[in-house]
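Student: Okay, handing you the structure first.
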Amino acid sequence: MLVKVEHNRSNGRRRKVFISETVSHEKFAVTCCTRTLQSPLESWHRLLRATIMATATAATSATSSNQQQQHHQNYDDEDEFQDACDADNASAACALDLDTALAEAKIAVDLFFNNKFNEAEALMKPLATSSMYHSVGHSVFTYLEAMLTFEQQHIAAASEALKQCLNVCNRYRKKNTLTETIGKTFKKVNYDQYTDLEAHAELCSAEALLLKAMLTFIEDETLTSLIKGGMKIRNCFAMYKECNNILNHRQWQSESSKLHFESGVRMGLGTFNLMISLLPARIIKLLEFIGFSGNKQSGMQDLLTGSQSEGIRQVLCVMTLLGYNLIVCYVLSHKEGDLRFCDELLVKQLKQYPNGVWFLFFKGRLEFMKGNLDEALMWYKKSWKSQNVWPQFHHLCFWELLWVNCLRLDWRESLLFATYLVENSKWSRTIYTYQKASIMCMLKTEDLHSSEVRMIATLMKEVPKYKQRIAGKSLPMEKFACKKTERFFAQQSFLYVPALELMYVWNLFKILGKHFHLADGVYRIVEENLKHYDERMNAKANPTYGVYAADNKALLMLLKGACLRQMNSPLQATRCLEEVITMYKDIKEDHYLVPYAIVELALIYIDQGDKDQAILALEDAKKNYSGYSLESRLHFRIHTALIELKGKSYENIPAGGGD
């Protein structure tokens, strides 16, 4: 396809003229699409909680009539979709054929993952009002910018782009008559009636609707957005199941078209099944009721198949597998990800995208999870410095560099990255501010300037100011940080090892087990603070301090027990953890320490091969403790451990296919 740019001297505007060549060399079909050329352009865990809440709320709102509505009416009543082109005939003129749109979208994907963000955006944006793949591409770019910046104007722009995308996709979706809609209830659908274009329109609509649902959670802080987002996700999953039926029951004339379509279905259903399978059983039962499924084995297989294809969404399947194995497994479970598999994936992707910011980042994460901290620093810095077009990408690297340096006990270096996040990132200033103050608290008093001592107090005061709500709910980690700042002032500007506590709740202690010297370094700090605790208790210089004595000692004993488990000293670790459990009635605020200690004890039993004792401990923590800080986070880990121990998964739940 040839492209010519014409300049209108009367109004100073430019327009693109697309010239498509026919098979005949004697005739050319020339179509013009006039558009003013425009300049081109830190789940994961945070939105996951909101998604769970949303789908649970959606269950109470679902009715039988919702399940029988016409399949292409999946959008909010309040979402108004206007024709993207100026007239109906303009839509036809502007549209590209499917093969050309897929080819250009594939080029844009390659440009994007090679850090050529502006070029990718420039390729997608001009036809975003007429070509569904261009519209999806443009919407993804604006969505990513909104997620990275968290600025209201970018969120609004992403919302508008996604509305437009849904409108464009809906234009190409198969329209059913009332008779056909009723007939679907009583007989099988003839999927051969779908054209390739209509099939891809279903898939693109599902993708855009999912992004719109996730954006809904941060656009509005009310309960309404929670319900709306949940219903969108429910509709999106139903659309993916329909796409799976189209894939399996339609006779495809174009293998290329089928290849790209299949990669999208694999990516969508695979991600849904994998992520839902991580949820606690009671939530999965609720999601089953409203049409979801959570089959981990099926989800992994779909993503693996998609990652090995040549389809346009192959790289997204790879990204999902890397994200699951390198991030989700370490945050939401006690298990390790498949690091060897990730290594194999990254070798292939870095060969194709050697300077790609995402794969350099995942290579750094891989080395981090291996406990190779120096190598992790190198790869994270490579990712950071590989591009400057979207500086918000740097924040992902700075977050990781902060924690790598914390594990290295290099508090000054970690403080540099914590400071940058506080000053430049808008994801969660409450968490960033508390993290910076916590790291400063780890420095010895003699190493702090008087201005830094004052800064710690200032930062602690500022923590609650930035507390936010997502879909009407406060973030658990932000509430945890705010409670800790209250404790800081109640104890006359003092906290015990707050950065180590954060490392523990972020589940980073499992990395300590990779190398003995890492765990030993943290263990020595905890021992020093236990000695300090005994000295302060004996002195009784601070009456207020005695109020939280049990809380402070329980924290230190939990961290000591966790370190000893990573150092393969189970008997000593068990004694520490059992001491924490016996302190439950004496603890004033930090009640989360006891169920966390019980789970640590269960993990020791697992390491020793005592499954029965491990199950008893996990069930104890699950059923007998509630209302404590970071409860949901611990329940995810309990759930994955119980599945492994009982051999009970949710593989009997349908994977989302079928008629």
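Student: Output the number of residues of the stretch 351-362 satisfying the condition of being open to solvent by 30 Å² or more (accessible area, probe 1.4 Å), assigned to a helix (DSSP H, G or I) and not aromatic (Phe, Trp, Tyr).
Tutor: 2
Student: Mind listing whichever residues of the stretch 607-648 are within 19 Å of Ala573 (Cβ to Cβ) and open to solvent by 80 Å² or more (accessible area, probe 1.4 Å)?
Tutor: Asp607, Gln608, Lys611, Leu616
Student: Next up: Would you check if there is a residue in the stretch 296-305 being out of contact with any Pro (no Cβ under 6 Å at 6 or more places or on another chain), more than 20 Å from His200 (Cα to Cα) and of a type in the set (Lys, Arg)?
Tutor: Yes: one or more hits.
Student: Please find, among Leu495, Leu502, the residue that is within 28 Å of the chain's Cα centre (by Cα) and either under 15 Å from Ile439 (Cα atoms) or of a type in the set (S, T, N, Q) (or both).
Tutor: Leu502
Student: If I go through the stretch 458-476 residue by residue, how many of them are open to solvent by 30 Å² or more (accessible area, probe 1.4 Å) and in a helix (DSSP H, G or I)?
Tutor: So the count comes out to 7.
Student: If Leu377 passes every condition in (1) closer than 19 Å to Gly323 by Cβ; (2) open to solvent by 10 Å² or more (accessible area, probe 1.4 Å) but one, which one does it miss?
Tutor: (1)
Conditions tested, residue by residue: (1) of a type outside the set (Ser, Thr, Tyr); (2) in contact with a His (Cβ under 9 Å, 6 or more places away or on another chain); (3) not in a helix (DSSP H, G or I).
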position: Phe480; (1), (2), (3): yes, no, no
position: Lys484; (1), (2), (3): yes, no, no
position: Arg487; (1), (2), (3): yes, no, no
position: Lys510; (1), (2), (3): yes, yes, no
position: Lys514; (1), (2), (3): yes, no, yes
position: Leu518; (1), (2), (3): yes, no, no
position: Tyr523; (1), (2), (3): no, no, no
position: Glu528; (1), (2), (3): yes, no, no
position: Asp534; (1), (2), (3): yes, no, no
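Student: On the given criteria, is Lys187 touching an Asp or Glu at 6+ places or on another chain (Cβ under 6 Å) and closer than 23 Å to Lys241 by Cβ?
Tutor: no
Student: For the stretch 585-639, name all the residues that are part of a loop (DSSP other than H, G, I, E, B) and of a type in the set (S, T, N, Q).
Tutor: Once the filter is applied, which keeps residues that are part of a loop (DSSP other than H, G, I, E, B) and of a type in the set (S, T, N, Q), the stretch 585-639 yields Gln608, Asn624, Ser626, Ser629.
Student: Which residue, of Leu401, Leu409, is within 26 Å of Gln566 (Cβ to Cβ), outside the structural domain of Leu512 (by the TED database) and assigned to a loop (DSSP other than H, G, I, E, B)?
Tutor: Leu409
Student: When the stretch 402-442 is examined, which residues are found to be more than 21 Å from Val453 (Cβ to Cβ), touching a Lys or Arg at 6+ places or on another chain (Cβ under 9 Å), open to solvent by 10 Å² or more (accessible area, probe 1.4 Å) and not hydrophobic (A, V, I, L, M, F, W, C)?
Tutor: Of everything in the stretch 402-442, just one residue is more than 21 Å from Val453 (Cβ to Cβ), touching a Lys or Arg at 6+ places or on another chain (Cβ under 9 Å), open to solvent by 10 Å² or more (accessible area, probe 1.4 Å) and not hydrophobic (A, V, I, L, M, F, W, C), namely Arg429.
Student: The conditions are (1) in contact with a helix residue (DSSP H, G or I) (Cβ under 9 Å, 6 or more places away or on another chain); (2) open to solvent by less than 70 Å² (accessible area, probe 1.4 Å); (3) at pLDDT below 85, and Lys188 fails exactly one of them. Which is it?
Tutor: With respect to (1) in contact with a helix residue (DSSP H, G or I) (Cβ under 9 Å, 6 or more places away or on another chain); (2) open to solvent by less than 70 Å² (accessible area, probe 1.4 Å); (3) at pLDDT below 85, Lys188 is out only on (2).
Student: Return yes when Glu104 is assigned by the TED database to the domain that holds Glu207, among the acidic types (Asp, Glu), buried (at least 23 other Cβ atoms within 10 Å of the Cβ) and in a helix (DSSP H, G or I) and no when it is not.
Tutor: So Glu104 fails the test.
Student: Another question about this same structure. List the number of the failed condition for Leu556; all other conditions in (1) surrounded by fewer than 17 Cβ atoms within 10 Å (Cβ to Cβ); (2) outside any loop (DSSP other than H, G, I, E, B) hold.
Tutor: Unmet for Leu556, out of (1) surrounded by fewer than 17 Cβ atoms within 10 Å (Cβ to Cβ); (2) outside any loop (DSSP other than H, G, I, E, B): (1).
The values are calculated or read from the model by the stated rules, or taken from the named source; none is laboratory data. These numbers were taken from a predicted model, which means no experiment stands behind them. Positions of Cβ are backbone-derived with ideal geometry, glycine not excepted, and every protein chain shown enters the neighbour counts. Side chains included, ligands, DNA and RNA excluded: accessible areas come from the protein's heavy atoms. Shrake-Rupley method; radii C 1.70, N 1.55, O 1.52, S 1.80 Å.
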